[in-house]
Amino acid sequence: MRCPFCAPLSFARLVSMTVLLIAFNAGANARNPSFLPIPRFPLSTGTLSIEQAVQPGQPFTVAGERGAILGRQDGSFELWSFPIKVLRDFHISAQLADYPVPIDLNRQAAAIDVYPDHTTIVYSHAAMTVKQHMFVVQASQNGQPAAVVLFEIESIRPVTLTFSFIPELLQQWPAPNYGVPSASWVDLGNGGGYVLATDNPHLFGMVAMPRCSSGILPPYQEQPRAYPLQFVLHFDPKKDDGLFFPLLAQVSDGETALSGDAVRQMSQRIDLADQQVAAGYRGTQEYYAKFFDKRLTIDTPDRKLNEAVRWAEVAIEQARVTNDHATSLVAGWYGSGDSARPGFGWYFGRDALWSLYAVNSYGDFELSRQVLEFLSQRQRADGKIMHEFAMTADRVDWKSLPYEYAAADATPLYIMAMKDYVETSGDVAFLKSHWQTVKNAYEYMRSHSDSTDGVYDNSNGTGWVEAWPPKMPHQEMYLAALDQQSTEDLSRLAHLAGEDDLAASAEQKAKEIRGFLEQYRSSDGTLAFSRNADGTFDLTPTVYPSVAWWTGDLRLERTSPMFEQWAGHHFSTDWGVRAVADTSPVYDPIAYHQGTVWPLFTGWISLAEYRERRPLTGYAHLMENAGLTWSQDLGSVTEVLSGAFFQALGRSSSHQLWSSAMVISPAIRGLLGIQVDVLHRNLIIHPQLPATWDSVSVHNLSFGTANLEVDLRRRGGEMNIEVTSPDTTVLCLNPGASTECKEPAKTQHSAVVALPQVELGIAPALPQAGAETAMMKVVDEQSSDHELKVKLEAPGGSTQNLSLRVNGPGPRQFSVAGGVRRGENLQVAFPTGMGYQTQTVDITWANRR
């Protein structure tokens, strides 16, 4: 496409614009009498909120479909109207009447309140309180401000506030940019704004505030020097109490050239936006007030987990971006500083596809369709699915850049996510309308597989790692495992599409790949990272093979030693799972792929552990991810942390899409053991609840078009499961070997799951920032009808406590080796010694007759 941002702004045009702006200002007051502060209106005080003291260096994110405010908890921020960064480094200072000391309000930032629909920074001084309320208008349209900042001021005497910022008008990477914008002040009724002009007449904007005058505007005669732009507000508490002072921004549409008429039209939009701020917020507030009406939520004895799941759903929603009439999920958010890259705030194939399992779990099928549609429309002619697509891709020759199809894994993940969507939603019509794209993706994989083994490999793009010592891998087990799972899923989709021959051949191919994956298991039971072209294996101990348990259908056998490694302290920190064991020669705790902790990996491991009936360590890893909701960018989960200390990397995208998704997927599909198969009208629920939990409720579990209520409750030695549907529904709960439900339609559905006779419990918690790994690890857990045996690791000389639960009638001849029972607790003493030591606890009993 032709880029509209193409012609430089000439000196003659600058002179002409100066004249036009002077003429515009001459009549501005008459044309804009209504640009006024806004009467205060109530903001959300809902139950889902995070309110705490600020940590000045930590980030915050306020994001929506068309804009974002990305900042630090000291209140400084940058403002985006997608795909343009309008300004950055927003700061506030104050001069109180009869108080001859300037006040840096950012240094007075005291509290941060985060709600789904807005975030507030509270600046606290003995003489004043200023609140900075920030929200992104839900469903804002082109031409309307996407992001709004409201300032609420309380003061004991008159005060002059100076709001300073650096104008940017930067197009998001990789579009071209046109230098630091020049600024001209225009009067707007009872306030004013800055017209920002770049060296391209089609890229301009305006930032405005009512009741404000301009600050520093150096005249032409002054020495050249860069100053921040400033809004100066004189606040009188006797006259101005009860008002909001909004910061509003507009950017050009890319087609209209800068002119006097263009400035006039933009000022009118600013004025209209000022009048509509209250309505815009009410719409946003109402959207989030109803957000969970049809999305899954859980009620467990752990309030933090309940809220973490809700926040994760909100965080995913706030990665949904509409741009140029297309909607999909971007990978993450983080302040861009002086660059044009807001974290990973552009569209990624694999990031969205990994996250769709969570989206399908909480029932936002519209979002799943939007993502799959977005990817299908950008599928390459040979069937490959895109990896990366910038918001500004249409403003450059994107296809000539090496990013769109750089990675190989989006192609199998597209098939897998389509199967999961169809199975959980029952939407076979969507599959049939997109069947050719699914088929093309599979044909691409088969025609681009290793010539010797017929398995998808890294010659088609990067698998997981983008760099690896001493050289890039030939075939990662990560990709090979995705190949097997996607091939098996393709077989099932082909049946639905009426292509039984393809279904049969894919089923056979999946069996062949599964057999090939057995070669990745070394003699000690651990799994290799990759296979070399000569048939040898790279045996580096990594987390990446854990994806083999993702769908629950592959689940390689005889891999207990690998799970023990993943659970032990060489892999598992107190905040998640390292990519590489710290015993490996390639381990580096701050290397992107060779030792850092990704919540994504922690989620993979947690779900794999639940699938292998290792609930103690599965729960520990789940709760590590859930706890990150409160550790950095409040309400979101960060991208990547150090493998040595509990601290996110400096460039970690603090609001990362798939990190939040990895709270939901292991919670719903692992902890609660929920598997939905609407196509066969089957619902499987096999929970593995912590020993201290007696009951759990699940609300709005999507089952096709129905939203179900699920109640899990312990009674003696059993878990009673009650499922309620609003209307009569054909549903088989925990069916046997049959594939098609034959039950009559009804509203109440019941099942019973036997519980273990004896259970142990742990209480995982995140450490303090900067801590090293020091908590107990559950390395292995094996149970039978008369025995529960666990292998534990903990610092030498320490004593650890676990909860102990006996279900049903108390067993006879109960004995404990390796620990001491004290009522409903188990005390375990570890041998003295440096570092982690191992202790095995063996509990045996005889059942009562």
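The values are calculated or read from the model by the stated rules, or taken from the named source; none is laboratory data. Because the structure is predicted, anything quoted here is derived from the model rather than measured. Using ideal geometry, Cβ is built from the backbone for each residue, glycine included, and neighbour counts are taken over all protein chains shown. Accessible surface is based on the protein model in full, side chains and every heavy atom, while ligands, DNA and RNA are left aside. Shrake-Rupley method; radii C 1.70, N 1.55, O 1.52, S 1.80 Å.
Suppose we take every Cα in the stretch 176-315 and form the convex hull; what volume per residue is that in Å³?
Taking the convex hull of the Cα positions in the stretch 176-315, it is 215 Å³ per residue.
If packing is taken as the mean number of other Cβ atoms within 10 Å per residue, what is the order of 440-447, 413-420, 799-806, 50-57, highest first?
With the highest mean Cβ count within 10 Å placed first, the list reads 413-420, 440-447, 799-806, 50-57.
Give the accessible surface of the chain per residue, rounded to a whole number of Å², with probe radius 1.4 Å and ligands, DNA and RNA excluded.
37
Quick one, could you list the DSSP H helices from the chain stretching 15 Å or more along their long axis (Cα atoms) with average Kyte-Doolittle hydropathy of 0.0 or above?
Long hydrophobic helices here: 11-26, 365-377, 410-425, 599-611.
Per-residue counts of other Cβ atoms within 10 Å, averaged by peptide: what ranking do you get for 149-161, 617-629, 462-474, 214-226, highest first?
For the peptides 149-161, 617-629, 462-474, 214-226, the packing ranking is 617-629, 149-161, 462-474, 214-226.
Taking N as the number of residues in the stretch 143-247, what is its Cα Rg relative to 2.2 N^0.38 Å?
1.22
Report, to the nearest whole %, how much of the accessible area of the chain belongs to carbon and sulfur atoms, 1.4 Å probe, protein only.
50
Could you work out the helix-only [θ] at 222 nm for the chain, with each DSSP H run of four or more residues adding -39,500 (n - 2.57) and the total divided by the number of residues, to the nearest 500 deg cm²/dmol?
-8000 deg cm²/dmol
Let me test this: with uniform point scatterers at the alpha carbons of the stretch 434-522, what is the Debye-based log₁₀ I(q)/I(0) at q = 0.23 1/Å?
With one equal scatterer per Cα and no solvent, log10 I(q)/I(0) is -1.14.
What is the P(r) of the chain, as percent of Cα-Cα pairs per 20 Å bin from 0?
Result, from short to long distances: 14, 44, 31, 10, 1 percent.
Restricting attention to the stretch 759-821, which GluC sites (Glu not before Pro) occupy a DSSP loop and are surrounded by at most 13 other Cβ atoms within 10 Å?
Answer by residue number: 772.
What ratio of Cα Rg to 2.2 N^0.38 Å holds for the stretch 31-115?
1.34
For each pair in 304/789; 471/509; 432/509; 131/239; 384/432, compute the distance between the two Cα atoms and list the pairs where it is over 25 Å.
304/789; 471/509
Roughly how many debye, to the nearest 20, is the charge dipole of the stretch 333-380 about its Cα centre, given +1 on each Lys and Arg Cβ, -1 on each Asp and Glu Cβ, and no other charges?
The calculation lands at about 220 debye.
Taking a cut-off of 12 Å between Cα atoms, list the aspartates and glutamates near residue 746, but don't count ones fewer than 8 places away on the same chain.
Answer for residue 746, where 12 Å is the Cα cut-off: 727, listed by chain and number.
Take each of the peptides 600-607, 91-98, average the number of other beta-carbon atoms within 10 Å over its residues, and list them starting from the highest.
600-607, 91-98
Considering only protein heavy atoms, with the full assembly of protein chains and a 1.4 angstrom probe, order 303, 369 by accessible area, largest first.
303, 369
For residue 583, tell me the accessible area in Å² from a 1.4 Å probe, rounded to the nearest 10.
Solvent-accessible area, nearest 10 Å²: 90 Å².
Only sites in a loop by DSSP and with at most 13 other Cβ atoms within 10 Å count here; which trypsin sites (Lys or Arg not before Pro) in the stretch 476-570 make the cut?
Those satisfying the criteria are 558.
For the stretch 717-846, what does the equivalent ellipsoid look like in terms of its semi-axes, each the square root of 5 times an eigenvalue of the Cα gyration tensor, given largest first in whole Å?
So the three semi-axes of the stretch 717-846 are 39, 20, 13 Å.
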